[in-house]
Structure formats: C-alpha cells, structure tokens
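Student: Please find one structure pasted underneath; my questions will follow.
The values are calculated or read from the model by the stated rules, or taken from the named source; none is laboratory data. Source: prediction; values computed, not measured. Using ideal geometry, Cβ is built from the backbone for each residue, glycine included, and neighbour counts are taken over all protein chains shown.
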Amino acid sequence: MTAGSLDNVRVFVVEDEALVTMLLEDMLEMMGCVVVGTASTIEQALAKIASAPFDIAILDVNLNGALSIDVAQKLRDMRVPFVLSTGYGRSGVPAAYHDAPVVAKPFHLHELSQALAAALKPA
C-alpha cells in the first residue's frame, strides 16, 4: 500500500488495557485511520461488531485472560479483515489464525501500518 492509503480506514479496536487502547488510537490517527469503536471484553466486541460498520479490526488475542477466538471467528465469518495483537508474538496465536497478520506489543508505528496494509490487501 502506498503512503496515505490508510486514510479514512475505519478501525475497530478490541483491547482490554485502557492505556494500550489510547496508544493505538493515537497511532491509528497518525496513520490517517478513523477509530470507530473500541471494546475491552469479548462480549462487548461481539455486540459491537454486529452493529458498527468498520473496515478492519485490531484484536488483542488475550482479553482479561480469555482468548478472543470467538471474536476472531465472527470477524472471519463476516469476511472482515483483522490484525491480531499480542505480547507473546506469533507463538501466542492459536494455530487456526496463523494466517492473520500479527503485531507484537509494544507497538511500533511502522509494524502496525504494515500489519494493517497486509490485512487489507485483496486476496
């Protein structure tokens, strides 16, 4: 993707740590994205993805000790691209989702941008 290609991309952020959510919001805005919603639990995420239009989601793999697989599967079923975020690297991602772009915590702007671009790239 070219510079500016993330302009106005609508992003839904699923993250259980408030400070990490704020960091992501700032980084996404710096890239030209629009954060259209956030959720900090699996239940909130499932409720919001059914009602809020967005282009891509950033999904924390571990939400308060629970794997967010139900959310990832719902996004996959809806054919909505997503990026997985984790502090454990790819080893923290269930095998069924190894094909999804992963961004490691702590986030770096360039890596986040590359992961978003990879997820949004047409198959």
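Student: I'd like the full set of residues that are surrounded by 14 or more Cβ atoms within 10 Å (Cβ to Cβ) and part of a loop (DSSP other than H, G, I, E, B), limited to the range 33-51. If you could, list the steps in order and put the result at the bottom.
Tutor: Filtering the range 33-51 down to residues surrounded by 14 or more Cβ atoms within 10 Å (Cβ to Cβ) leaves 33-42, 44-46, 48-49.
If the condition is that a residue be surrounded by 14 or more Cβ atoms within 10 Å (Cβ to Cβ) and part of a loop (DSSP other than H, G, I, E, B), then Cys33, Ser40, Thr41 are the ones that fit.
Student: May I pose another question? Any residue at all in the range 69-79 that is within 21 Å of Val35 (Cβ to Cβ) and either touching a residue at least 60 places away in the same chain (Cβ under 8 Å) or touching a Cys at 6+ places or on another chain (Cβ under 8 Å) (or both)?
Tutor: For the range 69-79, residues within 21 Å of Val35 (Cβ to Cβ) and either touching a residue at least 60 places away in the same chain (Cβ under 8 Å) or touching a Cys at 6+ places or on another chain (Cβ under 8 Å) (or both): absent.
Student: Please work out which one of (1) more than 16 Å from Val80 (Cα to Cα); (2) in contact with a Pro (Cβ under 9 Å, 6 or more places away or on another chain); (3) surrounded by 20 or more Cβ atoms within 10 Å (Cβ to Cβ) is the condition Leu28 fails and give its number.
Tutor: Of everything listed in (1) more than 16 Å from Val80 (Cα to Cα); (2) in contact with a Pro (Cβ under 9 Å, 6 or more places away or on another chain); (3) surrounded by 20 or more Cβ atoms within 10 Å (Cβ to Cβ), Leu28 misses just condition (2).
Student: Within the group Ala100, Ala115, which residue is surrounded by 17 or more Cβ atoms within 10 Å (Cβ to Cβ) and over 14 Å from Leu24 (Cα atoms)? Break it down stepwise before answering.
Tutor: Working: Ala115 fails: over 14 Å from Leu24 (Cα atoms).
Being surrounded by 17 or more Cβ atoms within 10 Å (Cβ to Cβ) and over 14 Å from Leu24 (Cα atoms) holds for just one of Ala100, Ala115, which is Ala100.
Student: Could you tell me which numbered condition Asp77 fails, if it satisfies all but one of (1) of a type in the set (D, E, K, R); (2) within 15 Å of Phe12 (Cβ to Cβ); (3) surrounded by fewer than 17 Cβ atoms within 10 Å (Cβ to Cβ)?
Tutor: (2)
Student: For the range 65-78, enumerate the residues that are assigned to a loop (DSSP other than H, G, I, E, B) and more than 10 Å from Ile42 (Cβ to Cβ). Please lay out each step first, then the result.
Tutor: Quick first cut of the range 65-78, residues assigned to a loop (DSSP other than H, G, I, E, B) only: 65, 68, 78.
Matches in the range 65-78: Gly65, Met78.
Student: Residue pairs, Cβ under 6 Å, 6 or more apart or interchain, first in the range 20-35 and closer than 15 Å to Val9 by Cβ, second assigned to a helix (DSSP H, G or I). List them.
Tutor: Listed pairs, sorted by first residue: Met27/Leu109; Met27/Leu112; Met31/Ser113; Val35/Glu25; Val35/Leu28.
Student: Shifting gears a bit: Looking at Ala50, Ala39, Ala18, which one is at pLDDT 95 or above and more than 12 Å from the chain's Cα centre (by Cα)? Break it down into steps so the answer makes sense when it comes.
Tutor: Values: Ala50 fails: at pLDDT 95 or above; Ala39 fails: more than 12 Å from the chain's Cα centre (by Cα).
Matching residue, one of Ala50, Ala39, Ala18: Ala18.
Student: So, one more: Could you check, for the range 79-93, whether at least one of its residues is part of a helix (DSSP H, G or I), among the small types (Gly, Ala, Ser) and in contact with a helix residue (DSSP H, G or I) (Cβ under 8 Å, 6 or more places away or on another chain)? Show your work before the answer.
Tutor: We begin by selecting, within the range 79-93, every residue part of a helix (DSSP H, G or I); these are 89-92.
Now restrict to residues that are among the small types (Gly, Ala, Ser): 89, 91-92.
Adding the requirement that they be in contact with a helix residue (DSSP H, G or I) (Cβ under 8 Å, 6 or more places away or on another chain) leaves none.
Scanning the range 79-93 turns up no residue that is part of a helix (DSSP H, G or I), among the small types (Gly, Ala, Ser) and in contact with a helix residue (DSSP H, G or I) (Cβ under 8 Å, 6 or more places away or on another chain).
Student: Taking the stated definitions as given, is Ala57 outside any strand (DSSP E or B), within 18 Å of Leu6 (Cβ to Cβ), within 12 Å of the chain's Cα centre (by Cα) and hydrophobic (A, V, I, L, M, F, W, C)? Give the steps one after another, and end with the answer.
Tutor: Numbers: outside any strand (DSSP E or B): no; within 18 Å of Leu6 (Cβ to Cβ): yes; within 12 Å of the chain's Cα centre (by Cα): yes; hydrophobic (A, V, I, L, M, F, W, C): yes.
Here the answer is no, as Ala57 does not meet what is asked.
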